[in-house]
Amino acid sequence: MSGENRKKPFVTKEQIEEIVKTYPTPFHIYDEKSIRENAERLKQAFSWNPGYKEFFAVKATPNPFLIDLLRDYGCGCDCSSLTELMLAQAMGVKGEDIMFSSNDTPAEEFAYAAKIGATINLDDITHIDFLEKILGKLPETLSCRYNPGGVFKISNSIMDNPGDAKYGFTTEQMFEGFCILKKKGVKRFGIHAFLASNTVTNAYYPMLAKELFELAVELKEKTGADIRFINLSGGIGIPYRPDQEANDIFEIADGVKHAYEEILVPAGMGDVAIYTELGRFMMGPYGHLITKVIHEKHTHKEYLGCDACAVNLMRPAMYGAYHHITVLGKEDAPCDHKYDVTGSLCENNDKFAVDRMLPEVEIGDYLAIHDTGAHGFSMGYNYNGKLRSAELLLKEDGQVQLIRRAETPKDYFATFDCFDIYHKFDWNA
Ligand SMILES: *Cc1c(COP(=O)(O)O)cnc(C)c1O
């Protein structure tokens, strides 16, 4: 199978032509069937661990309709801020199913997390005192985020650079922190680490697990802490490029199991629960940004002008990230034209693709920009006064459900509603 064939969109031109009659472009659309199938695979893959739980990283796709799909497979929520905690709580997610993995955390967010019974994952040793002052007394269960420093390598290739990352406790701080927490009455402990992002290899989780399991055994021996869970956090990647091979979650979970049986079980820690906080892996491939080509420009280069822009999908502008593009209705046409695919921001990095080979595009064609299901809509912003798009769900029965309406100018001006300017417009017109 050629690489190109692996990147088929989950919608057709005919479907989109029907959908735009009700919901104009641009919009993000998500595929319920694939989200469910993937969540089921994850659940199966880790079923060897009785305490296993995925806490979906809400920041990746903070939409209650999508999070509700995952809850059918036992997923909880990993929150990073007050509004994400509010969302989880409003959805009826129980405290024990909420992880609060934040950093540089404001006092009121810790207070809120504690109030709703979320598990707090501390990012820094100084947050022990900070939290104790806020709450008066520490919760009986706490987790600490670990950062060993250095670089994270698999074989000889550097996956990521924890030594440069702002997150987590150093190794010495983990031991010191656990001792302090024990003295202050904490009864149940967790360990968390996120050492490499978007890893497209089955080796990352097993290697991370080995490192955390060894740390857990030592922490238990030296501090006597009762370690109840180890949180492998996020980082399992997806194949954004057509030549990349998707991760195999069964192989990944098997690798973690192997390390578990080799390290934790012999240390008498065979009851430790494995947690994950996946975002990208849960949703990334199952979203598309659908946009219409509204202009073509022939100057020093060939440009396609879309009705979406970087506020709808920031990753290409921010990281130079690759997102595959399919011209709907031209899936099988030869990619013999080279384009820069642009949005309308007054910002030259507002390009979904640079020098991308595509079939010949005409004005009015719809583009499916792939893999926008995580860190897509959620990274949106309002630069140039641009508005956030709608989000749609392609249901298993083929129906389309609006799961977030598009922003309107009224939303944009809403934060001026106590000022004159807001009332200069007739919002009922
Ligand atoms: C962003 C984040 C995640 C999810 O990361 P993915 O790359 O989407 O899997 C999980 N945990 C924490 C603490 C994060 O910041």
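Miscellaneous remarks
- Of the residues CYS306, CYS144, CYS179, the one that moves most in a GNM of the chain with alpha-carbon contacts below 10 Å is CYS179.
- Residue-normalised convex hull volume from the C-alpha trace of the range 1-124: 174 Å³ per residue.
- Trypsin sites (Lys or Arg not before Pro) restricted to DSSP loop in the range 124-177 with at most 11 other C-beta within 10 Å: LYS137, LYS166
- The range 226-375, relative contact order [Cα under 8 Å, separation at least 6], %: 28 percent
- In degrees, nearest ten, helix 32-45 long axis to first principal axis of the chain (Cα): 20 degrees
- The range 190-305: Cα Rg divided by the 2.2 N^0.38 Å rule of thumb: 1.52
- Longest exposed-site-free window of the chain, the sites being chymotrypsin sites (Phe, Trp or Tyr not before Pro) in a DSSP loop that have at most 15 other C-beta atoms within 10 Å: 49-380
- Loop-located GluC sites (Glu not before Pro) in the range 233-308 (DSSP state not H, G, I, E or B) with no more than 13 neighbouring Cβ atoms inside 10 Å: GLU245.
- Within the accessible area of the range 31-284 (1.4 Å probe), percent carbon and sulfur: 48 percent
- Pairs beyond 19 Å (Cα-Cα), from LYS33/LYS395; LYS330/LYS395; LYS115/LYS182; LYS13/LYS330; LYS292/LYS330: LYS330/LYS395; LYS115/LYS182
- Computed from point charges on the beta carbon alone (+1 for Lys and Arg, -1 for Asp and Glu), the dipole magnitude for the chain about its Cα centre is near 700 Debye.
- The mean of 1/r over all distinct Cα pairs in the chain, once inverted, gives the Kirkwood hydrodynamic radius of 23.2 Å.
- Simple rule: put +1 on each Lys or Arg Cβ and -1 on each Asp or Glu Cβ in the chain, find the dipole, and look at LEU367, ASN103, TRP48; the Cα lying farthest toward the positive end is ASN103.
- 0 to 90° range, to nearest 10: angle between helix 249-259 axis and the chain longest Cα axis: 20 degrees
- Tensor-based shape of the range 102-155 (alpha-carbon gyration tensor, a/c under 1.5 rounded, otherwise prolate or oblate): prolate
- Inter-part distance where the range 33-59 and the range 377-407 are each reduced to a Cα centre, Å: 24 Å
- Folded to 0 to 90 degrees: helix 204-223 orientation relative to the chain principal axis, Cα: 30 degrees
- More than 18 Å apart - percent of Cα-Cα pairs taken over the range 130-241: 52 percent
- Toward the positive end of the charge dipole of the range 31-284, with +1 on the Cβ of Lys and Arg and -1 on the Cβ of Asp and Glu, the farthest Cα among ILE154, ALA90, ALA259 is that of ALA90.
- When the Cα convex hull of the range 31-284 is projected onto planes of every orientation, the mean area is 12.9 nm².
- Evaluated with a Cβ-only charge set (Lys, Arg +1; Asp, Glu -1), the range 33-76 carries a dipole of roughly 60 debye about its Cα centre, given to the nearest 20.
- Farthest toward positive dipole pole in the range 31-284 [+1 Lys/Arg, -1 Asp/Glu at C-beta], among GLY74, ILE116, PHE250: ILE116
- Shape summary: the range 48-185 maps onto an equivalent ellipsoid whose semi-axes, from the alpha-carbon gyration tensor, are 25, 22, 14 Å in decreasing order.
- Translational D in µm²/s for the range 358-424 (Stokes-Einstein at 4 °C, 1.567 mPa s, Kirkwood Rh from C-alpha pairs): 86 µm²/s
- In the full protein context, the chain carries 45 Å² of accessible surface per residue, based on a 1.4 Å probe and ignoring ligands, DNA and RNA.
The values are calculated or read from the model by the stated rules, or taken from the named source; none is laboratory data. This structure is a prediction, so every number in the text was calculated from the model and none was measured. We place every Cβ from the backbone using ideal geometry, glycine too, and count neighbours over all the protein chains shown. Heavy atoms of the whole protein, side chains included, go into the accessibility calculation; ligands, DNA and RNA do not. Shrake-Rupley method; radii C 1.70, N 1.55, O 1.52, S 1.80 Å.
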